[in-house]
Amino acid sequence: MMATVAKIALQGATLSFDKLYNYVVPENMELSKGCRVIVPFGKGNFKKQGMVFELANDDVHGLKPIISVIDNEPVLTDELIEMCKYMQESILCTYYDAVNVMLPSGITHKLIDFYSANEEFITSLLNTDELPVYEYLL
């Protein structure tokens, strides 16, 4: 059966296992070259992050589907992907080592909102609706 296949470089691959792995792109998934994805890897289907290097229409027999897409838009251009391939071939780094060099700084960090109450706040300034919220946060 023919469908869209993504060639993906996996994060954490050693030099001896560093290659582009093929995964099926599910029909309801929108995916572009240069996007990061989550895929199942190995017999245990461990979740691994990867970068889509190529998309092609190919035979999908025996291939696992991509679990999810991390980026809505590509974070690497075609030119940067080609540079990653060149780096992997010429300076003995893995595909994903090259990807990490190309990724915009801070893209791997996620901000988490954290709320807490200021213990020095004067609670007499709060009305009857606000006071329970303050006490909950405290």
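Can you give the percent of C-alpha pairs in the chain whose distance is more than 22 Å?
Counting pairs separated by more than 22 Å, the tail of P(r) holds 50 percent.
Between the amide H of Ile70 and those of Arg36, Val37, Ile38, distances stay under 5 Å, these residues lying 5 or more places away or on another chain, with hydrogens modeled in the peptide plane.
Per residue, the average separation of C-alpha pairs within less than 8 Å and at least 6 apart gives region 1-96 a relative contact order of 36 percent. Computed from point charges on the beta carbon alone (+1 for Lys and Arg, -1 for Asp and Glu), the dipole magnitude for the chain about its Cα centre is near 820 Debye. Working note: 222 nm ellipticity from helices only, DSSP H runs with n ≥ 4, each -39,500 (n - 2.57), summed and divided by the residues of the chain, gives -6000 deg cm²/dmol to the nearest 500. Here the chain carries DSSP beta bridges of which approximately 95% are antiparallel, counting only pairs with both residues inside.
Dimensions of region 1-46 along the principal axes, based on C-alpha atoms and rounded to the nearest Å, stand at 32, 24, 18, largest first.
Among Glu30, Glu54, Glu119, the largest mean-square fluctuation in a Gaussian network model of the chain (Cα springs under 10 Å) belongs to Glu119.
What the phi angles of region 114-124 give under the Karplus curve with 6.51, -1.76 and 1.60, with θ = phi - 60°, is a coupling list of 10, 10, 8, 8, 6, 5, 8, 5, 7, 5, 5 Hz, glycine and proline written as x.
Dividing the radius of gyration of the alpha carbons in region 11-87 by their Kirkwood radius gives 0.94 for Rg/Rh. So if we plug the beta-carbon distance of Leu131 and Leu55 into 1/(1 + (r/R0)^6) with R0 = 35 Å, what FRET efficiency do we get, rounded to 0.05? Between Leu131 and Leu55 the formula returns 0.05.
Rule-based calculations on the coordinates, nothing more; no lab input. Quick caveat, the model's predicted, so the values are computed rather than measured. Here the Cβ is made from the backbone with ideal geometry for all residues, glycine too, and neighbour counts use every protein chain on show.
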